[in-house]
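Participant: The following block contains the structure, expressed as structure tokens.
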Amino acid sequence: MNLLDQTVLVTGANRGLGRAVAQTLRAAGARVIATARTAEGLAELRDAGFDARPLEAADAISRAALVADLPPLDGLVNNAGVALKGFDVGMARRTLAVNLRAPVALARGATLRPGARVVMVSSGMGELAGFGPEARQRIHAAGTVETVLALADAWLQAVERGTDLQLGWPRSAYSVSKAMLNAATRALARELGPAARVNAVCPGWVRTDMGGAAAPRDLAEGAASILWGLSVAPDGPTGGFFRDGAPIAF
């Protein structure tokens, strides 16, 4: 993807991986639209010269307002995410809102130019090895975006009833949200067809506020995986899950 004069939206761009990706894209000649949740984050982005836009990813009204004001995009990096402490239905619902519903809403709502690349920043914690057989089967069977979102609702109901463990779900809202995001990526690739390349990318364990100081990867290493997702060829992979440009298992 020749980034010169391309328009790319990066969510959660005021710090960490989002900021590193946004800076690299701008240095390559892209027009970067960068989002932040707080007034302080927006001020930091504007001070750095970015086209800064507010986005509270958990809020559907905020997502719709962002989409309504966007120009056509050549690239979309859905980077904003949360890993909340504890486990109850409220935090599970918020985790899904940010990590699943927001990326899906932006990918579906934004105007994508032909050949656009959509990158879903996922995680190895979304791999299905830690899920029970029933949960794995249901995720694999979710072939459309609507069925993925319905499955997310069903999981929340199971959490509320206290039957989630019996159904094979791990007690990690973050892991479930990223597994659902991977499934939604596969479904979106089918939905958008050849007009766009849509892939989920695991940047690895990176030294960020979320990853912590003990993480083995620096920002440049993590950002490289995300940037790879913007560079796939027009006939390159779509609907996959990748780390360092190599496919990994869902």
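Participant: Where is the GNM fluctuation largest for the chain (alpha-carbon springs, 10 angstrom cutoff): Asp164, Asp69, Asp218?
Facilitator: Sorting by GNM fluctuation, first place goes to Asp69.
Participant: Next up: How charged is the neighbourhood of Leu128? Take every other residue with its Cβ under 14 Å from the Cβ of Leu128, and add Lys/Arg as +1 and Asp/Glu as -1.
Facilitator: Neighbourhood net charge equals +2.
Participant: Could you work out, for segment 120-174, what percent of all Cα-Cα pairs fall into each 5 Å distance bin, beginning at 0 Å and stopping at the bin that holds the largest distance?
Facilitator: 4, 19, 28, 31, 16, 3, 0
Participant: Quick one: grab the alpha carbon gyration tensor of segment 153-230, order the square roots of its eigenvalues as a ≥ b ≥ c, and give me rounded if a/c is under 1.5, else prolate or oblate depending on whether a/b is larger than b/c.
Facilitator: oblate
Participant: Under a 10 Å cutoff between Cα atoms, tell me which one of Gly193, Gly18, Gly236 has the largest fluctuation in the Gaussian network model of the chain.
Facilitator: Comparing Gly193, Gly18, Gly236 in the GNM, the peak value goes to Gly236.
Participant: Rounded to whole Å, give me the distance from the Cα center of segment 123-144 to that of segment 6-22.
Facilitator: A separation of 28 Å, based on Cα centres.
Participant: In nm, give the distance between the simple-model label positions of Ala28 and Glu146, each being 7 Å from the Cα along the Cα-to-Cβ direction.
Facilitator: In this crude label model, Ala28 to Glu146 measures out at 3.6 nm.
Participant: I want to check the label-to-label distance for Arg161 and Val67. Put each point 7 Å from Cα in the C-beta direction and report it in nm to one decimal.
Facilitator: My value for the distance between the label points is 3.0 nm.
Participant: Based on the Cβ-Cβ distance of Glu134 and Asp244, what FRET efficiency does E = 1/(1 + (r/R0)^6) give at R0 = 25 Å, to the nearest 0.05?
Facilitator: 0.20
Participant: Something else about it: How far is it, in nm, from the label point at Ala48 to the one at Ala213 when both lie 7 Å from their Cα along the line to the Cβ?
Facilitator: Going from the Ala48 label point to the Ala213 one covers 2.2 nm.
Participant: Could you line up Arg197, Arg161, Arg113 from fewest to most neighbouring Cβ atoms inside 10 Å?
Facilitator: Arg161, Arg113, Arg197
Participant: Would you please state which residues of segment 26-48 a label at Arg94 would reach in this model, taking the label point 7 Å out along Cα→Cβ and a backbone N cut-off of under 20 Å?
Facilitator: Label zone hits: 36-42.
Participant: Can you compute the FRET efficiency between Ala220 and Thr111 using 1/(1 + (r/R0)^6), with r the Cβ-Cβ distance and R0 = 45 Å? Round to the nearest 0.05.
Facilitator: 0.90
Participant: Now, a different point. How much length is gained on full extension from Phe87 to Asn2, taking 0.36 nm per residue of separation minus their Cα-Cα distance?
Facilitator: Taking 0.36 nm per residue and subtracting the Cα distance, the gain is 26.3 nm.
Participant: List the residue ranges in the chain for DSSP H helices whose C-alpha atoms run 15 angstrom or more along the long axis and whose Kyte-Doolittle average is -1.0 or above.
Facilitator: What comes out of the filter, once short or polar helices are dropped, is 16-27, 145-161, 173-192, 219-229.
Participant: Report the residue, chosen from Asp59, Asp47, Asp153, that carries the largest GNM mean-square fluctuation when the chain is represented by alpha-carbon nodes joined by springs under 10 Å.
Facilitator: Of Asp59, Asp47, Asp153, the most mobile in the Gaussian network model is Asp47.
Participant: Next question. Determine, for Thr163, Thr238, Thr95, Thr144, the number of other Cβ atoms within 10 Å of each Cβ, and report the residues in order from fewest to most.
Facilitator: Thr163, Thr144, Thr238, Thr95
Participant: Which value does Rg/Rh take for the chain over its C-alpha atoms, Rh per Kirkwood?
Facilitator: Taking Rh as the inverse mean 1/r over Cα pairs, Rg/Rh reads 0.95.
Participant: At 222 nm, what value in deg cm²/dmol follows for the chain if DSSP H runs of at least 4 each add -39500 (n - 2.57) and the sum is divided by all its residues, to the nearest 500?
Facilitator: Per the formula, -12500 deg cm²/dmol.
Throughout, read-outs are computed from the coordinates displayed, never taken from laboratory work. From a predicted model like this one, the values you see are computed outputs, not experimental measurements. Methodologically, a virtual Cβ is constructed for each residue, glycine included, from the backbone with ideal geometry; neighbour enumeration extends over all protein chains shown.
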